[in-house]
Amino acid sequence: NNRIKIKHLLENPTPEEKATLMGWVRTKRSNKHVTFIAINDGSCIQNYQCVADPQIISEDILRKANTGACLKITGTIVNSQGAGQSTEIQATSIEVLGEADPDKFPIQPKKHSLEFLRENAHLRVRTNTFGAIFRVRNQLSFAIHQYFHEKGFVYIHSPIITASDAEGAGETFQVTTLDLKNPPKNKEGELDFQEDFFGRATNLTVSGQLEGELAAMALSEVYTFGPTFRAENSNTTRHLAEFWMIEPEMAFFDAEDNQNLAEDFLQYVIKFALKHCKEDLEFLDKRAAEEEKGKKADQRSDMGLLERLDFVTQNEFVRITYTEAFEILKASKQNKKKKFVYPIEEWGTDLQSEHERFLVEKHFKKPVILTDYPKEIKSFYMKQNSDNKTVAAMDILFPGIGEIVGGSQREENLDKLCQRMDELKISKEEMWWYLDTRKFGTAPHAGFGLGFERLVLFVTGMGNIRDVIPFPRTPGNAEF
Ligand code: 4AD
Ligand code: MG
């Protein structure tokens, strides 16, 4: 077909030329002499104005050109008298490709609540807000690949179905072809996975890290970028049961190299979005400002969205250890003015998201890289520090988000790794293939995982992770 996209037309106005547009009606206004149709084709946030003369376009067609209907418009591009855009299309013919009954189409030209739009997730992409979010998501995804490709990393496709629980947290979704209504049982009366498709129990992956480590021991710098699944029953604005994760893994990197890479990477992709999603981010910035107005004064953020994005790309992240953070949090308990509600009592307890947000939003007012966590609250594969108490972990905390990245230097020493696995009762027999990395040509290495939706949440200024993935999967929600 010979259609022109609206983005192209706005960037290259061609008065007097003929053009064909296709897209969906956002609004229609009519008077006796003329009908104005604002059309959007998703190529950019702007609508394009179509001017239809009732002497040329039939009444029947104009009646059907309602919000939500899909049109093919052919006409002449002319200079526009209206404010806001330089050109418009004077229709010579309009074809209704798909009608939308105004009494039934749920997305009307008015402000709908995000809750309502979540219930209509199959149609919500037809709003300005969701169009902008998914274009930003797309650009961020591209920026991530570009960043690693420029640095010579190899993109590794890690499997979705695995037999391991990489994080050892027991939050996996089982995959099975067993007939659970009539389950085969073994001698012990348990499900007999030998009868299963793979001849063993399998689950959806929680992380591509372990496979990333295998690949890094040959290709030296790799990354994965794929869907990951966690059956954690946390109904928060930061958790999904299905989310996308970016996991670089680098041979010969120590903990500090890992931190440097993560900081540079985050700043790069956010700058990329600022450059390539200018109009969408300006729209989302205004939207976020509106939301802020509805909040109580003490819960309002000090910065607008664009200001915050600039700030993060232009300031070094703060780097402190868990132990230093613990001291700050403990001291802050006495400071009532800072309204710190969840005191931290004991060295060794994991930080709650309230703690993380306090450090980032109230104390430092900058992204924070927290390192050297107590080994008890981190995974088995992390490199043990010489104090015997902490591991070379890092979490990156962002304003408004809390943890956005989790990573570590890995324990490359076979004996130490085996000892830790024994302590945590992780089967060395089942993980023989992972231990082979330490048996044959082991090397110091490190990596991290970025939760993609948490990044999109930060960049778009949205408040709920369900609104930055097209079809969110959360407890009780997997309709379409
Ligand atoms: O901290 P996590 O669990 O670390 C790992 O999975 C490591 N294997 C990463 C690595 O070192 N290669 O998860 C990493 C990030 C978190 O910081 C968070 O941004 C995101 O993944 N994340 C989630 N995002 C949305 N919903 C959930 N349920 C998430 N769980 C983790
Ligand atoms: Mg984590």
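Extending 7 Å from Cα along the Cβ direction at Asn138 and again at Glu291 yields two label points whose distance is 2.2 nm. Kirkwood radius and radius of gyration were both taken over the C-alpha atoms of the range 104-243, and their ratio Rg/Rh is 1.09. If the segment from Phe440 to Glu190 were pulled out straight at 0.36 nm per residue, it would be longer than the present Cα-Cα gap by 86.4 nm. Remark: spin-label model distance Trp347-Lys5 equals 5.6 nm, labels positioned 7 Å along the Cα→Cβ axis. Ordered by the count of other Cβ atoms within 10 Å of each Cβ, fewest first, Val391, Val318 give Val318, Val391. Within straight-line reach of Lys28, meaning a Cα separation under 18 Å, sit the following lysines at least 8 residues removed in sequence or on another chain: Lys64, Lys72, Lys104, Lys110, Lys111. Normalised by the number of residues in the chain, the mean separation of alpha-carbon contacts (under 8 Å, six or more apart) gives a relative contact order of 13 percent.
In units of the rule-of-thumb radius 2.2 N^0.38 Å, the range 62-175 shows an alpha carbon radius of gyration of 1.69.
Note on the range 434-480: Rg/Rh from C-alpha atoms, Kirkwood Rh, equals 1.28. When the GluC sites (Glu not before Pro) in the range 155-260 are filtered for DSSP coil states and for at most 12 other beta-carbon atoms within 10 Å of their beta-carbon, the remaining sites are Glu188, Glu190.
Computed from the C-alpha gyration tensor, the three semi-axes of the ellipsoid equivalent to the chain are 48, 28, 22 Å, from longest to shortest. In this simple spin-label model, placing a label point 7 Å from the Cα along the Cα-to-Cβ direction at both Lys104 and Phe480 gives a separation of 1.3 nm. On full extension, the segment bounded by Gln81 and Gln314 gains 79.8 nm, given 0.36 nm per residue less the C-alpha separation.
Given a cut-off of under 8 Å on Cα pairs at least six residues apart, what relative contact order in percent is computed for the range 304-407?
Values: 154 pairs, mean separation 26.5, N = 104.
Normalised by residue count, the contact order of the range 304-407 is 26 percent.
Cβ-to-Cβ counts within 10 Å put Ile469, Ile328, Ile161 in ascending order as Ile161, Ile328, Ile469, the fewest first.
Along the Cα-to-Cβ line of Thr20, 7 Å from the Cα, sits a label point; which residues in the range 54-71 have backbone N less than 15 Å from it? Within reach of a label on Thr20, which here means backbone N under 15 Å from a point 7 Å along Cα→Cβ, the range 54-71 contributes 71. Each listed q (0.23 Å⁻¹) maps to a log10 I(q)/I(0) for the range 6-105 from the Debye sum over equal C-alpha point scatterers, namely -1.28. Residue separation of Phe36 and Glu354 scaled by 0.36 nm, minus their Cα-Cα distance, works out to 109.5 nm of gained length. For Asp165, Asp422, the sequence from fewest to most other C-beta atoms within 10 Å is Asp422, Asp165.
Readers should treat all values here as calculations from the given coordinates under stated rules, not as data from a laboratory. Since we're looking at a predicted model, the values are computed, not measured. Ideal geometry is used to build each Cβ from the backbone, glycine not excepted, and the neighbour counts take in all protein chains shown.
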